[in-house]
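Here's the structure we're looking at; comments come further down.
Values in this text are rule-based calculations from the coordinates and carry no lab data. As the structure is a computational prediction, the values presented were derived from the model and not from experiment. Reconstructed Cβ throughout: ideal geometry from the backbone, glycine too, with neighbour counts over all protein chains shown.
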Amino acid sequence: MDDVEYFEILEDYAVFRPTGQVSVEHAADMVTRAIAFARARRIRKLLVDASKLTGFEMPRIGSLYFFIHDWARVAEGGVRVAFVTRPELIEQQGFGRTVADNVSFFAEVFTTTDDGGCADVAPSRGRRRASGNEEQGRK
């Protein structure tokens with residue numbers, strides 16, 4: 001993985017904190033590679049802090065659909081992901097959550113690492129709905 005400098009492996013989860021100005025497609029690819037990297041190392045919980053990635057707007061619905069499918073495919077049900085991103089990049093209609101649920105991709109979306117539950121990195125028992133300062137979308 002070329003982005004290994006953005007990857008930190010902690011005791012019970014890993015953190016991927018990429019930075020820079022990229023296209024939305026490149027950002028999604030970085031996330032795909034991070035999930036694959038975690039999966040290959042049997043890391044079951046991954047925090048993707050993409051809040052420092054810039055250069056793109058919220059992906060179109062069709063792109064979001066395919067990004068989530070790619071993430072689910074590489075996660076193989078073995079990696080649960082907590083995403084931290086800028087609020088304007090969170091899809092508010094629930095489409096992302098529905099797609100993720102339909103392909104058994106376990107993920108939550110947060111606007112800050114300080115949000116309650118973010119440290120749980122998409123808990124391994126059951127699904128957790130966003131609450132408090134967390135957004136209702138899922139990627």
Packing-based exposure ordering (other Cβ within 10 Å, fewest first) of 74, 81: 74, 81
Ranked list, fewest to most other Cβ atoms within 10 Å of each Cβ, for 42, 17: 42, 17
Difference of contour (0.36 nm per residue) and Cα-Cα distance, residue 52 to residue 5: 15.5 nm
Whether region 4-120 is rounded, prolate or oblate, judged on the alpha carbon gyration tensor where a/c under 1.5 counts as rounded: rounded
Considering only region 4-120, percent of DSSP beta bridges that pair antiparallel, nearest 5: 20
Likely footprinting exposure, 51, 23, fewest C-beta neighbours within 10 Å first: 23, 51
